[in-house]
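Nothing in this text is a laboratory measurement; each read-out follows from the coordinates by a stated rule. Keep in mind it's a predicted model, so treat the numbers as computed, not measured.
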Amino acid sequence: MSKTTRDPRLAIALDVDDLNMACLMADAVHPWMGVAKVGFELFSTAGPAAITAAIDRGYEVFADLKLHDIPNTVGRAAAKLGRTGVRWLTVHTVGGADMLRAGVEGLAEGSDGNAQVLGVTILTSDADRSREKLEARVALARDAGCGGVICSAADIGVVKDVAPELKRVVPGIRLPDSSNDDQASVAAPEGAIAAGASILVIGRTVTSPVQRMTVGSAHLAHALAEMADRARLVAASIGIA
């Protein structure tokens, strides 16, 4: 399959604790997905090497580290992360305007303006999803200069109302045969895109075949092939495969 079919709207969640496994997963879905999400688990294990490995494979990197600390600390951490080549970095909106602005400014400094902050609004595992809370957090992200927000598919309409210029990055994406796991708000890929999602974060609905496996597992090759097939189904559902 041609590399031109890779879509920047699809982000594979490399939520494992082994860099070699993460690389195998990234390679398996490479024909369809253009973004790699590096979260706490992988970053805690491999550090910036995880970001470098994904970039080397042609991915834009979404560093989902959800920074939340005093503004000075967040700003300095964001600047360091900007130097790794990330394209997006998550910062919690609940930390307030000064902290968000520090993250935006630090990331811009470290990346020479090539990376943007995504404000985390309300976690998809959180059942308390009042419109008032969401509107306030989206407005904070907008006013601080964030490039986008993390929101559920159900919240896309509110984000469009408050800040239509922001990218809408949507986790909790599920194929029809997948369980909701710990997500309180989930959506099918085609539904989220139709609603206005900019980027879909694709996790266990695709990666479940390799969860709890190691690089030495006897059936890993089969599991990676199944993972690739699931990635193809996601891509097909939004018209790119």
Amide H proximity to V120 below 5 Å, modelled H, separation 5+ or other chain, gives V91, H92, T93, I150
Rounded to the nearest 10, the angle in degrees between the Cα long axis of helix 71-82 and the longest principal axis of the Cα atoms of the chain comes to 40 degrees
Cut-off under 5 Å, modelled amide H: who pairs with K37 long-range:
I12, A13, L14, F62
By how many degrees, 0 to 90 and rounded to 10, does the Cα axis of helix 131-144 deviate from the longest principal axis of the chain?
80 degrees
Given the -39500 (n - 2.57) contribution per DSSP H run of 4+ residues, what per-residue ellipticity at 222 nm results for the chain, rounded to the nearest 500 deg cm²/dmol?
-13000 deg cm²/dmol
Can you grab the distance from the C-alpha centre of segment 95-115 to the C-alpha centre of segment 121-165, Å, no decimals?
18 Å
Starting from the alpha-carbon convex hull of segment 121-169, give the projected area averaged over all orientations, in nm².
2.9 nm²
More than 31 Å apart: what percent of Cα pairs in the chain qualify?
18 percent
Report the extension gain between A49 and V215 in nm, rounded to one decimal, defined as 0.36 nm multiplied by the number of residues separating them, less their alpha carbon distance.
58.0 nm
Round to the nearest 10 and give me the degree value, 0 to 90, for the angle of helix 19-29's Cα axis relative to the longest principal axis of the chain.
80 degrees
Residue-wise, which Karplus ³J(HN,Hα) couplings in Hz belong to segment 35-44, taking 6.51 cos²θ - 1.76 cosθ + 1.60, θ = phi - 60°, and x for glycine or proline?
10, 10, 8, 10, x, 3, 4, 6, 5, 5
Could you run the Karplus curve 6.51 cos²θ - 1.76 cosθ + 1.60 with θ = phi - 60° over segment 147-154 and give me ³J(HN,Hα) per residue in whole Hz, x for Gly and Pro?
x, x, 9, 9, 8, 7, 4, 5
